Amino acid sequence: VLKLRLAAANLEKTKQPFFMAAGFRKPHLAFRFPAPFLQLVAGDVAAHDTLSMTVPPIAHHDADPQPDPYTPIDAAIATKWRRHYRAAIAWVDSQIGRVLVELEARQLVPSTLVVLHSDHGWSLGEHGEWQKFSNFEHGTRVPLIVRAPWLPSSAGARTAVLAELVDIFPTMAELADAPLDAATGRSLDGVSLAPVLRNPGDEAAANRLKPFALSQYMRCPADASVPQKANGCLFTDRSQIPFMGYTIRTKTHRYTQWAQWNGSRLGPMWWSEPRWPTLGEELYVHDGDSGFDFDAFENENCNASEPQTVTTLRALLHEVVANASARASRELMA
């Protein structure tokens, strides 16, 4: 709020536009919040609180409070964690509100682009998964809210367009009328989502703009016999990572493939014989997913029942990763 006041004063004095990144650490472990916020939310348990045996174990990350993804935890513990997470969200919402109220007090709302997003998702016991560190929908999906007051068609609108966090920078640049030079524009991984904001009801255009979204996450299992345990890579040098999971999300499916990681060239070895028999493929159906029911999807791996979909998405994933790696190599050489 103080920085916003300083930026607003400088704007009034010099007419110099400002950009401000405001980071909020919550919700995050430990779930701390003022006590009254706990009274605003309720707790419950996940409808599917264990991991399906159809899912390759390497897909799971062992984290508190559930020591075994195949065994439900005590309902009281799950309820407490879910309630405290929601209380932390309520608290941070109030803090974001303080910034927006200050923006309004400075009479800057009509001329200010506001973008709200998080850095990752969060699992709350769905399919035995807690916290983040995964390629599941709960770990990769984030809130994304854009307010551009000069685009009234976007006010209060919701779009089903697929998006990635790498799209935020080019989107903001276009909406703020700050055009990128040709070299910068060519080197960006993301695309501008501005066309969707201008016409959020055009679903066909949204599908053409962004047909898929990508994510990846690593695994460093300590024991081959229990690949879901102690498999974090948080302090592992990227050249020493043994496995990488790549996931591609389309309108109707999420496909994930786990591969050995080549630390020398920093890329996947799709077809190498694994050192440990833990690798696998995942396919989850999202047809009809509105984004509101976090328990209804990704509860069973459908790779065996939809082999053609697996083949198609696997080929697409490999092509996209190969193209990205080739482009990165060219830019590094340049």
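Quick one: would you say residue 256 is crowded, with 17+ Cβ neighbours inside 10 Å, closer than 30 Å to residue 17 by Cβ, touching a residue at least 40 places away in the same chain (Cβ under 8 Å) and touching a Gly at 6+ places or on another chain (Cβ under 9 Å)?
Numbers: crowded, with 17+ Cβ neighbours inside 10 Å: yes; closer than 30 Å to residue 17 by Cβ: no; touching a residue at least 40 places away in the same chain (Cβ under 8 Å): yes; touching a Gly at 6+ places or on another chain (Cβ under 9 Å): yes.
It is false that residue 256 is crowded, with 17+ Cβ neighbours inside 10 Å, closer than 30 Å to residue 17 by Cβ, touching a residue at least 40 places away in the same chain (Cβ under 8 Å) and touching a Gly at 6+ places or on another chain (Cβ under 9 Å).
Do we have any residue at all in region 30-37 that's touching a helix residue (DSSP H, G or I) at 6+ places or on another chain (Cβ under 8 Å), part of a loop (DSSP other than H, G, I, E, B), at pLDDT below 95 and of a type in the set (Lys, Arg)? Looking for residues that are touching a helix residue (DSSP H, G or I) at 6+ places or on another chain (Cβ under 8 Å), part of a loop (DSSP other than H, G, I, E, B), at pLDDT below 95 and of a type in the set (Lys, Arg), one finds at least one in region 30-37, hence yes. Only one of 171, 184, 159 is over 23 Å from residue 25 (Cα atoms) and open to solvent by 50 Å² or more (accessible area, probe 1.4 Å). Can you tell me which? On inspection, the qualifying residue turns out to be 159.
Name every residue in region 68-96 that is open to solvent by less than 20 Å² (accessible area, probe 1.4 Å) and either hydroxyl-bearing (Ser, Thr, Tyr) or under 23 Å from residue 242 (Cβ atoms) (or both), in order of residue number. Break it down into steps so the answer makes sense when it comes.
First pass over region 68-96, keeping only residues open to solvent by less than 20 Å² (accessible area, probe 1.4 Å): 69, 78, 82, 87-88, 92.
Residue satisfying the conditions is 69 alone.
Restricting region 12-33 to residues that are free of Cβ contacts under 8 Å to residues at least 60 places away in the same chain and open to solvent by less than 50 Å² (accessible area, probe 1.4 Å), the residue that is farthest from residue 71 (Cα to Cα) is 33. Restricting attention to region 55-67, the residues being loosely packed, with under 15 Cβ neighbours inside 10 Å and more than 21 Å from the chain's Cα centre (by Cα) number 2.
What are the residues in region 240-253 that are in contact (Cβ under 8 Å) with a residue 60 or more places away in the chain and over 21 Å from residue 287 (Cα atoms), if any?
Here is the first cut: in region 240-253, the ones in contact (Cβ under 8 Å) with a residue 60 or more places away in the chain are 243, 245-251, 253.
Across region 240-253, the qualifying residues are 243, 245.
The residues in region 150-183 that are within 17 Å of residue 199 (Cα to Cα) and of a type in the set (Phe, Trp, Tyr) can be counted, and the count is 1. Residues in region 174-199 that are modelled with pLDDT of 90 or more and within 21 Å of the chain's Cα centre (by Cα): 190, 191, 192, 193, 194, 196, 197.
Can you tell me which of 194, 183, 204 is more than 30 Å from residue 287 (Cα to Cα), free of Cβ contacts under 8 Å to residues at least 40 places away in the same chain and among the small types (Gly, Ala, Ser)? Show your work before the answer.
Working: 194 fails: more than 30 Å from residue 287 (Cα to Cα); 204 fails: more than 30 Å from residue 287 (Cα to Cα).
Answer to the check: 183.
The residues of region 113-131 that are part of a loop (DSSP other than H, G, I, E, B) and open to solvent by less than 20 Å² (accessible area, probe 1.4 Å), listed by number, are 121, 125, 129.
Kindly provide the set of residues from region 143-156 that are within 21 Å of residue 212 (Cα to Cα) and open to solvent by less than 50 Å² (accessible area, probe 1.4 Å), ordered by number.
Across region 143-156, the qualifying residue is only 146.
The values are calculated or read from the model by the stated rules, or taken from the named source; none is laboratory data. Quantities reported herein were computed from a predicted structural model and do not represent experimental measurements. So basically every Cβ, Gly included, is an ideal-geometry build from the backbone, and we count neighbours across all protein chains shown. The protein model used for the area step is the full one, side chains on, heavy atoms only, and it has no ligands, DNA or RNA in it. Shrake-Rupley method; radii C 1.70, N 1.55, O 1.52, S 1.80 Å.
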